[in-house]
Amino acid sequence: MFQRGGRILKILYHPDKADIHLSSILYALSDPVRLSIVADISRIGECTCGGIDANVVKSTLSHHVRTLREAGVLQVRVQGTQRFLSIRSAELEERFPGLLSSILNAYT
């Protein structure tokens with residue numbers, strides 16, 4: 001955590017590419033809502049949480065995004081009050097070639 005302008009901000013954890021594990025990715029993508037989130041971002045590109053078409057309450061969406069981020073699937077970029085989500089495609093492709101595309105092809 002750090003302080004900026006009187007506000008305490010939390011630094012979001014993103015694992016290094018070498019610390020992304022296959023079991024974590026598979027666990028994160030085993031939930032239908034999380035898989036749907038990743039498929040949406042894959043289709044539309046970087047977007048805010050509001051751009052995700054998930055039929056869950058905001059706190060549940062935050063939980064799913066955190067799980068995907070901590071597994072190394074998503075990159076979350078904070079800009080003001082917005083959080084922009086994108087898939088760590090290049091890093092995942094380097095670490096596990098063809099994995100994400102295979103999962104998303106099977107999903108669609």
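Looking only at residues that are in a helix (DSSP H, G or I) and basic (K, R) in the stretch 47-98, which one is least open to solvent (accessible area, probe 1.4 Å)? Steps first, please.
If we filter the stretch 47-98 for residues that are in a helix (DSSP H, G or I), which is where we start, we get 49-51, 58-71, 89-95.
From what is left, the residues that are basic (K, R) are 58, 66, 69, 95.
On the way: K58: 171, R66: 98, R69: 17, R95: 87 Å².
Of everything passing the filter in the stretch 47-98, R69 is least open to solvent (accessible area, probe 1.4 Å).
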Taking the criterion of being open to solvent by 80 Å² or more (accessible area, probe 1.4 Å) and more than 20 Å from A106 (Cα to Cα), would at least one residue in the stretch 37-46 satisfy it?
yes
Would you pick out the residues in the stretch 14-23 that are within 26 Å of Q79 (Cβ to Cβ) and surrounded by 10 or more Cβ atoms within 10 Å (Cβ to Cβ)?
H14, P15, K17, D19, I20
Restricting the stretch 99-108 to residues that are over 11 Å from V38 (Cβ atoms) and of a type outside the set (S, T, N, Q), which is most open to solvent (accessible area, probe 1.4 Å)?
A106
Output yes when any residue across the stretch 54-65 is under 21 Å from D16 (Cβ atoms) and modelled with pLDDT of 95 or more, and no when none is.
yes
Filtered residues of the stretch 66-83 (kept if at negative phi and either in contact with a helix residue (DSSP H, G or I) (Cβ under 7 Å, 6 or more places away or on another chain) or at pLDDT below 95 (or both)):
T67, L68, A71, V73, L74, V76, R77, V78, Q79, T81, Q82, R83
Report, by residue number, each residue of the stretch 9-22 that is over 16 Å from E91 (Cα atoms) and outside any loop (DSSP other than H, G, I, E, B).
L9
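Identify all residues within the stretch 90-103 that are touching a residue at least 12 places away in the same chain (Cβ under 8 Å) and within 14 Å of the chain's Cα centre (by Cα); write none if there are none. Before you say what the answer is, go through the steps one by one.
Looking only at the stretch 90-103, we keep the residues that are touching a residue at least 12 places away in the same chain (Cβ under 8 Å), and these are 91-92, 94-96, 99-100, 103.
Hits for the stretch 90-103 are E91, L92, L100.
The values are calculated or read from the model by the stated rules, or taken from the named source; none is laboratory data. Fair warning: this is a prediction, and the values are worked out from it, not measured in the lab. Note that each Cβ is placed from the backbone with ideal geometry, even for glycine, and that neighbours are counted across all protein chains shown. Note: areas computed on protein heavy atoms with side chains; ligands, DNA, RNA excluded. Shrake-Rupley method; radii C 1.70, N 1.55, O 1.52, S 1.80 Å.
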